[in-house]
Each structure stands twice: as structure tokens, then as C-alpha cells.
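Peer 1: Sending over a structure as C-alpha cells; questions will come in a sec.
FYI, it's all coordinate maths here, none of it is from the lab. Please read these numbers as outputs of a predicted model, since none were measured by experiment. Cβ placement follows ideal geometry from the backbone for every residue including glycine, while neighbour counts extend to all protein chains displayed.
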Amino acid sequence: METKHIKVKKGPFGRWMDRAVLFLFARLFALIIATIMGLKRKERMSHNNGIGAKGRLYVKPDPKLPPNDFFVEGREFPIRIRHAAATFYDDAMAALRSISIKLSDNTLESPFDMNLNTGKHSLFWNAASFMRLAAMRKQRYGVEYQYWYRYYPDGRSGAIGTLRRHLESYADQVYYSKTPTQWISTDGKKHLVKYRVVPFDDIPETGQVFGDDLIEPENQRILPGETRSRNYLKDEYYDRLKRGETIKYRLQAQVRPVNPDDDWFLVSNNMIDWPEEEFPWLQVAEFEITEPLSWDESNMIAFSLANLPPSLAIFPAKSIYDPHSLNYFRVKAEIARKARWLSYKLRGMPPKIPYDDYRNSSTILESHNKMKTGKFPTWEQHS
Ligand code: HEM
């Protein structure tokens, strides 16, 4: 497998160094988010504004898919999902949206978990770029990543593809897993796989951004005169399920063989599409969602790429420049979930997102708390 585009050191010691650096950065990053986001703020690293739900998944693989020992025709699983927005507590902002799926009715344990976001591409392509993005975020009142976008136009166009504003429903979006994982067929052949979740029926995807959002994607703030509430999207989803509606989706996969002549960096890179004529999206399963989870249950749920069967596991990573280092980081970030749960236990569950005028919030009660401290005098006090 050609690896010329991945920065790796030469020789056995160099390779050992690359893996040691990857291990240390992954541990350090996980420790930082576990302490700041998990313990201190009792939050996820991202995607805090969300709603969980449950239902059932039916494996119905397209016969054109190479047979796999997990996704076998006729298998059924209970399923839990969580739709969320990264990273603000305001559904009316321009934001990336997600679905995460778990093939069990548990908060964590499961034979298969997957996280999928809107947009075909991402803002980053390996752990090195991901850490730089985190360092350059500089979020203030709903504006973020302006420096990142200036220096990394690929990240900027990836971000624009993920942003959705004023979407009508979480249920009409297309969500992509982006970073490829393994698909080992029953004859032992290795493949790469990308997943996507689409609505069951062929309906238009609402909420694509246009106009000013294309010029300044860093400004994710609500528009002047916004009438949608901070919770309008979660409410829409919750109300549909409470009325007895069944919301249906399809899980699809794009599978390509691991080919010794391919450039590993290019085929693994979540910023580069695989040609659909050669590697079409094929159905793996159908699932239906019938019951919403409460705010507390939605917060308790956690997904992990460690929850994958051996034939669908993540690929090993060679260095922080390897695209697979992203999945390595995600698995190693498990400690952040543990810290979040510990914080819930010690300090109680996070409050519900209020229907108030503190818009564009990056924490649930950000502005509210600041006003209460009296740190920010009102106009009357100024005069
Ligand atoms: C393109 C790659 C990625 C995708 C598609 C992705 C997707 C997601 C999604 C959808 C969630 C929300 C899960 C939920 O609803 O509970 C999430 C949460 C999270 N992600 Fe990522 N992510 C990616 C990369 C990363 C990377 C590189 C890291 C680095 C450590 C990371 C760390 C986390 C953490 C710590 C959480 C919160 C976990 C928890 O507290 O339960 N993600 N991600």
C-alpha cells in the first residue's frame, strides 16, 4: 500500500517514534477534554444539543455488497439514536447536525456504534489538523473558526458542506460517517467502508446554507428577526414521535477493496470522495424510530467506535498525519465520556435548554449565568 502522502519517519525507530507521538497526543487530548468538558462543564466535547430516540433496525444488505459476518440478511437489532447539533445550544443557528446510532437498547454497550455528520467532508483530515483546528477555534458568541478558515480553505469548504440552517427536520437530512473503517468480507478480504444514513423515502434535504452563510461560514449566529426557538428542531422530532409517527431511515455503505496500488492517504482521507460510479452507495439496513428519549436519557447515551465487531473495526494508524489517526483519537477519548458521566453523578444532570432570549449560546446557561453574577452591569447602572 502506497503511503507517500503520509508524513512518517524512516526506519523502525522512526516508526516507533511516530506511534509514541500518536499515543501521547491522543492521551493528552483526551485528558484535556475529560477535565475541561467532562468534569468541569459536564458536557460532551461537541454535539451537546441533541435528542435521543429508539426503535428497531432490520439488516437487509444489497446483494452487491461483499458479504460480511455482522450485517447478515434477516438480523434485527434494537436501535438507539441521537440527533444533535455541534456545537451550540441553539437549533436556529447555522450548525453541523448529526445522527449517532447504536445497535442496542443500552446507554453504552453495543455490538455496533457509528457517528455520522451532515456534509460529505469534514473540517479536518487527520489528528494533526484536528488538534490545530481545536487550538484555532476562538469561539465567541456564535462566531468560530475564522482563523482556521482563512488558513485552510479545504477545511472551510468542508465546513460549509456540513452547515445547515433552518432545516425542517432532523429526519430529512443525509449523514456521513466520513472516516473509513474496515469491512472484512466472509472470504477474509479487507475493504474500506464509509457509511451514510438517508431518509427512508426520497425527500428533499432542507437547510442547505446559501447567501451570507457562504461568505462568512464562521458567523453561525441566528439571523435578525429569527422566530424559531432554541429548541425548535428537537421539539419537531419529539412531537412527531409522541404523536405516534414512525420515522424511517436507511443505513447505506460505500465499500472499496484495500488495493496494494492505491495511495493509502488518498483513499482514507475524509476530504476526498470515492467515485460513486465505481463504489455506489448500497443499502445495509433499514431502521425505524418510534419512541423519543427524555432529555436526561438523551444526555446519558454515549457512542464509541470501540463498539464495533472485529470485521468492521477501525484501521490502525501510523502517525498523527495518517487519516486513521482521527478514529484512533476518537477511541482513546473514551475517558472524556467517563468524566462526563462522573460529573453527572457528582453534580447532577445538565439542565434543559431554556426557551429564553440568550441566543447563540455555547453553554446552556452561558449568558444567563454571567448576568446573574452581576459582572456585566445593565445600561441603567452605566448611566
Ligand atoms: C470526521 C470525524 C468525526 C465524526 C464524524 C464525529 C462525530 C461525532 C458525533 C456525531 C458525536 C455526537 C455523539 C452523540 O450524539 O453522543 C461526537 C461526539 C464526540 N466526538 Fe466526534 N467525530 C469525529 C471526530 C472526532 C475526533 C477526531 C475526536 C477526538 C477525540 C472526537 C471526539 C468526540 C468526543 C469526545 C465526543 C463526545 C463523546 C461523549 O462524551 O459521549 N470526534 N462525534
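Peer 1: Using only alpha carbon pairs under 8 Å that are at least six residues apart, calculate the relative contact order of segment 46-326 and give it in whole percent.
Peer 2: After rounding, I find 28 percent.
Peer 1: Once you place label points 7 Å from the Cα toward the Cβ at residue 357 and residue 335, how far apart are they in nm?
Peer 2: About 4.4 nm separates the two model spin labels.
Peer 1: Here's a follow-up. DSSP loop GluC sites (Glu not before Pro) in segment 223-323 with at most 13 other Cβ atoms within 10 Å of their Cβ, which ones?
Peer 2: 245, 276, 277, 278
Peer 1: I need two numbers for segment 46-326: Rg to one decimal and Dmax as a whole number, Cα atoms only, in Å.
Peer 2: 18.5, 59
Peer 1: Also, I was wondering about something else. If the chain between residue 36 and residue 291 were fully stretched, how many nm would it gain, using 0.36 nm times the residue separation less the Cα-Cα distance?
Peer 2: 88.5 nm
Peer 1: Let me make sure I get this right: for segment 175-277, a, b and c are the square roots of the gyration tensor eigenvalues over alpha carbons, sorted descending. Under 1.5 in a/c it's rounded, otherwise prolate if a/b > b/c, else oblate. Which is it?
Peer 2: oblate
Peer 1: If the cut-off is a Cα-Cα distance under 25 Å, which lysines reach residue 248, setting aside same-chain residues fewer than 8 apart in sequence?
Peer 2: 54, 60, 64, 102, 120, 178, 194, 234
Peer 1: Can I ask one more? Peptides 14-21, 97-104: what's the order by average Cβ count within 10 Å, highest mean first?
Peer 2: Packing proxy ranking, top to bottom: 97-104, 14-21.
Peer 1: While we're on this one: In vacuo Debye scattering of segment 1-140, one point per C-alpha: log10 I(q)/I(0) at q = 0.17, 0.22 Å⁻¹?
Peer 2: So the normalised log intensities work out to -1.19, -1.34.
Peer 1: Also: Gaussian network model of the chain, Cα springs within a sub-10 Å range: biggest mean-square fluctuation belongs to which of 352, 248, 194?
Peer 2: 352
Peer 1: Got a sec? How would 240, 340 order by Cβ neighbour count within 10 Å, fewest to most?
Peer 2: Ordered from fewest to most neighbouring Cβ atoms within 10 Å, 240, 340 come out as 240, 340.
Peer 1: How much length is gained on full extension from residue 46 to residue 200, taking 0.36 nm per residue of separation minus their Cα-Cα distance? List each step's numbers first, then the result.
Peer 2: Values: separation 154, 0.36 × 154 = 55.44 nm, distance 2.71 nm.
Length gained, residue 46 through residue 200: 52.7 nm.
Peer 1: Right, something else. Fully extended, how many nm does the chain gain between residue 28 and residue 139 (0.36 nm per residue separation, minus their Cα-Cα distance)?
Peer 2: Extending this stretch completely gives an extra 37.8 nm.
Peer 1: For segment 273-305 and segment 4-35, what is the separation of their C-alpha centers, rounded to whole Å?
Peer 2: 30
Peer 1: Identify the residues of segment 301-341 with backbone N under 20 Å of a label point that sits 7 angstrom from the Cα of residue 75 along the Cα-to-Cβ direction, or state none.
Peer 2: Flagged as within label range: 303-315.
Peer 1: Still on this structure: Given labels modelled 7 Å from the Cα in the Cβ direction, how far is it in nm from residue 15 to residue 262?
Peer 2: Rounded to a tenth, the inter-label distance reads 2.1 nm.
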